[in-house]
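Enquirer: Structure below; questions to follow.
The values are calculated or read from the model by the stated rules, or taken from the named source; none is laboratory data. Note that this is a predicted model, so its numbers are computed, not measured. Cβ coordinates were reconstructed from backbone atoms using ideal geometry, including for glycine residues, and neighbour counts include every protein chain displayed. Calculation scope for accessible area: heavy atoms of the full protein, side chains included, ligands and nucleic acids excluded. Shrake-Rupley method; radii C 1.70, N 1.55, O 1.52, S 1.80 Å.
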Amino acid sequence: MNATPHDGSYFVSDLHLFSRRSTGDLMLAELQRRANEGHTIVLGGDIFDFKWSSDPCPDRTLNRAEEWLQKLIEQNEHCEFHYVLGNHDSHPLFVERLRRLTENHSGFQWHRYFARLDHCLFLHGDVADGSLDHARLDARRERMEKKKRRHPMLHYAYDLAIHARLHRLAILSIREIVVLNRIRQYAQQIGHGPDEGITDVYFGHTHFDLDGVDYQGLTFHNGGAAIKGLRFRIVPTSLSSPAKRRA
C-alpha cells in the first residue's frame, strides 16, 4: 500500500557533514524524499561536524550549515523540523543561526538537550559519556568547542584509522547495555521516562545501529553514523502527526 502524502516521521543523526570521513552526502537525496513525504523530521545532532570540518574557514562552515538547513526547510514547508544539538555541532555561533531559523520558519525548532514529541523522546546521546547533569554536559561540549581545529595531518591519520576499521573496534567495545541504562536513567531524571508515557527513545552519538531494542520498559532506536565503514540508516519513528498540529 502506498503511503499517503505527509504520512511519515523520521529521525536522522550523525551525518557529520563537512568531515572528510562523512558519507552523509550520499544520504541527502533520501533525506529529501523523507522530508517530502513525511510530516516530521527530527535531526538528532552531529548533522554537521564543526570539530573535524575540512573547510579551513569556520565562518564559511557555519554559513554552509545554515544554508543547508534553510534549503531543506524551504523545500518542505509542510514538514515540521526539530534540531537537537550534538557534541560536534553544539557551537555558540551555530546556536545563533538556529535561533534565526526558528524566528524565520514556524515549522522549525531547535533543542539544546532533548525533544519530547508525544510518546517519543529524542536526544543526541552524549549523556552516555559521563554525568547526566546538564551543567556537566554543557562543560564537556564547551571544552570541545574551545579545542583548536584539527591540523590537516590529523585528518590523514584519522582517515587511515577509518580505512583500517580501527574505529569499529572501539565502537564494538562499548557495551550497549551500559549505554541504554544511562540513557534510561537520564530519561527518568528529566521526567520523561516510562512512567510519564514515553515508550520510544531515539538517539545517536554512539554510532551503533539499534533497530528497536526493548530494555526496561522502553524501546531504543539508533540509526548508526554516516561515516565510512559504518552502518547508517534514516530511522522511521512512531509519531502519528506533527507536534505543533497536536498542540
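Enquirer: List the residues, sorted by chain then number, that are 5 or more residues from residue 193 or on another chain and whose placed amide H is less than 5 Å from its amide H.
Expert: Answer set, sorted by chain and number: 198.
Enquirer: Under a 5 Å amide H to amide H cut-off, with H placed in plane at 1.01 Å, what residues pair with residue 17 once short-range neighbours are removed?
Expert: 48, 49
Enquirer: Test of understanding: what is the full-extension gain from residue 196 to residue 240, defined as 0.36 nm times their sequence separation minus their Cα-Cα distance?
Expert: Gain on stretching residue 196 to residue 240: 14.0 nm.
Enquirer: Over segment 17-88, with the other protein chains present, what is the accessible area per residue in square angstrom, probe 1.4 angstrom?
Expert: With all protein chains present, segment 17-88 gives 39 Å² per residue.
Enquirer: What part of the accessible area of segment 1-62, given as a whole %, is carbon or sulfur when the probe is 1.4 angstrom? Could you put the intermediate results ahead of the total?
Expert: Working: 1360 of 2610 Å².
The nonpolar share, carbon plus sulfur, comes to 52 percent.
Enquirer: Residue 228 to residue 119: FRET efficiency via 1/(1 + (r/R0)^6), r the Cβ-Cβ distance, R0 41 Å, to the nearest 0.05?
Expert: E between residue 228 and residue 119, to the nearest 0.05, is 0.75.
Enquirer: Follow-up. Out of residues 5 or more away from residue 108 or on other chains, whose amide H comes under 5 Å of its own, with H placed 1.01 Å from N in the peptide plane?
Expert: Long-range HN contacts for residue 108: 81.
Enquirer: Using the Karplus equation 6.51 cos²θ - 1.76 cosθ + 1.60 (θ = phi - 60°), what ³J(HN,Hα) coupling, rounded to whole Hz, does each residue of segment 60-66 give in order, writing x for Gly and Pro?
Expert: Each residue's phi maps through the Karplus curve to give 5, 5, 4, 4, 5, 5, 5 Hz.
Enquirer: At a Förster radius of 25 Å, what calculated FRET efficiency corresponds to the Cβ-Cβ distance of residue 30 and residue 139, to the nearest 0.05? Write down the numbers at each step before the final one.
Expert: On the way: r = 36 Å, r/R0 = 1.43.
Plugging the Cβ-Cβ distance into 1/(1 + (r/R0)^6) gives 0.10.
Enquirer: Follow-up. Between residue 55 and residue 105, what is the label-point separation in nm under the 7 Å Cα-to-beta-carbon projection?
Expert: Taking the two extended label points, one gets 1.6 nm.
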